[in-house]
1. What is the residue count in segment 393-413 for residues that are out of contact with any helix residue (DSSP H, G or I) (no Cβ under 8 Å at 6 or more places or on another chain) and within 14 Å of ligand 1 (Cβ to nearest atom)?
2. Any idea which of 359, 383 is outside any strand (DSSP E or B), within 12 Å of ligand 1 (Cβ to nearest atom) and either assigned by TED's automatic domain parsing to the domain that holds residue 452 or touching a helix residue (DSSP H, G or I) at 6+ places or on another chain (Cβ under 9 Å) (or both)?
3. Just for segment 299-310: of the residues that are within 14 Å of ligand 1 (Cβ to nearest atom) and over 27 Å from residue 457 (Cβ atoms), which one is farthest from the chain's Cα centre (by Cα)?
4. I want to confirm something. Restricting to segment 414-440 and keeping residues that are over 17 Å from residue 327 (Cα atoms) and not in a helix (DSSP H, G or I), which single residue is farthest from ligand 1 (Cβ to nearest atom)?
5. Buried (at least 21 other Cβ atoms within 10 Å of the Cβ) and either within 21 Å of residue 284 (Cα to Cα) or within 22 Å of the chain's Cα centre (by Cα) (or both): is that true of residue 153 in this structure?
6. Looking at segment 434-458, which of its residues are over 30 Å from residue 174 (Cβ atoms) and crowded, with 17+ Cβ neighbours inside 10 Å?
7. Mind listing whichever residues of segment 311-356 are more than 13 Å from ligand 1 (Cβ to nearest atom) and in a helix (DSSP H, G or I)?
8. Take the residues in segment 156-176 that are more than 16 Å from ligand 1 (Cβ to nearest atom) and buried (at least 24 other Cβ atoms within 10 Å of the Cβ); name whichever of them is nearest to residue 265 (Cα to Cα).
Ligand code: KG4
Ligand code: ZN
């Protein structure tokens, strides 16, 4: 006969009692105790049945966001048939939103410890003399439930869908870029961008599901995340609508994610962020120093007053006849040039603020001046000198922030985080300040949905879910994800 599984009801008390009597030699439960627990909503019993006969059970006690496994027992006639394992696995499917499950086990009970280890439990600590009769230590074990999130990103010129486990393991990350369509215009054309997103979103979604082996989204996924700002409204709409629709049809919770939080939390793909941390956020649209006192908390202490660092690269690149976006190519060309032009670093009144429009003007003035003198210009020297000026400006203010704020780690995120010179100089200043450096891996520095999955995981942990009425916020800035 096959074994079936279900949640116990009050009238199962007698059968459960018989199992405890059969299986727990030292301390059997009393029938009254089991009946009381079955009446209490914080206790839950999950049972294995052969026909009408209860042959095993697992019981849980539930607190705010954790769950303790209190007992697991299988009738002696039914052991070694994988019933214990099935009891736990099947009950956990139903207990979905719990973050962690704990249990204590006698330190000499190797059979049980092996079973729990096989199911993914890890040893957490020991409790001395936890058991009496006979007296013995307990091993506390923990099972962290995996959180698998599908995420959508379409704020600018990348259409991307990813599946990310526990905020740091990428099961798939499909990115369709439309840079080629915008290159001839020297920048993103909003109408062209949203049209592309519409064409690509379903293709990218299907590919992301396929690569991550997701065949039953409702069962295999825990939430859907999508960027709702900042970005181009017509572009944001496509990913956000796709995400909300996917959440609705698969009956999954929805999380609206701030694109900027995504850029910074993508550092988790390198290693876990240690708080309090300072972050340097450098992209095509943003340049900010952000204090992250605790997970999910973002406070801007300084920002650009005009152009973003990436924007400066792109604008100067355009003046020099390079394709959009120019940052990566300029980095390569800088290696062929010499730093021999002094482009000044702008002074700002705000201690940690930046300004890059002056460097751009200085480059244009320099080119005009040399042209008027009839001098030939070595473009690579201009690029190398410009890059040094931008990186120096970023480093100066970051260095100052690290002197004045007591943080454990510096986080680097955003498209410009791919810049090698910036990365090398950050190594130097963080080792000077004796703090850890956590830079987003270069392949996740540009826009991608995996970073939205990394941030979505943080929102998930903080219980920050969104309503399906959430609208795009093209001017969204950093905000606190959790209440102080
Ligand atoms: O974060 P991102 O992909 O898009 C925004 O959200 O803005 O950043 C794109 C920016 C572009 O301005 C690009 O020129 C710049 O990042 N970028 C670089 C490098 N790679 C990309 N800038 C400097 N050096 C690089 N290696
Ligand atoms: Zn971005």
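1. Qualifying residue count, segment 393-413: 0.
2. Working: 359 fails: within 12 Å of ligand 1 (Cβ to nearest atom).
Going through 359, 383 in turn, the sole match is 383.
3. Looking at residues that are within 14 Å of ligand 1 (Cβ to nearest atom) and over 27 Å from residue 457 (Cβ atoms), I get 307.
4. 434
5. Working: buried (at least 21 other Cβ atoms within 10 Å of the Cβ): yes; either within 21 Å of residue 284 (Cα to Cα) or within 22 Å of the chain's Cα centre (by Cα) (or both): yes.
Against the criterion (buried (at least 21 other Cβ atoms within 10 Å of the Cβ) and either within 21 Å of residue 284 (Cα to Cα) or within 22 Å of the chain's Cα centre (by Cα) (or both)), residue 153 qualifies.
6. Step one: of segment 434-458, the residues over 30 Å from residue 174 (Cβ atoms) are 434-436.
Matches in segment 434-458: 435 only.
7. Across segment 311-356, the qualifying residue is only 319.
8. So, considering only residues that are more than 16 Å from ligand 1 (Cβ to nearest atom) and buried (at least 24 other Cβ atoms within 10 Å of the Cβ), the one nearest to residue 265 (Cα to Cα) is 164.
The values are calculated or read from the model by the stated rules, or taken from the named source; none is laboratory data. Bear in mind the structure is a predicted one, so any value in this text is a computation, not a measurement. All Cβ positions, even for glycine, are placed from backbone atoms using ideal geometry, and neighbour counts span all protein chains on display.
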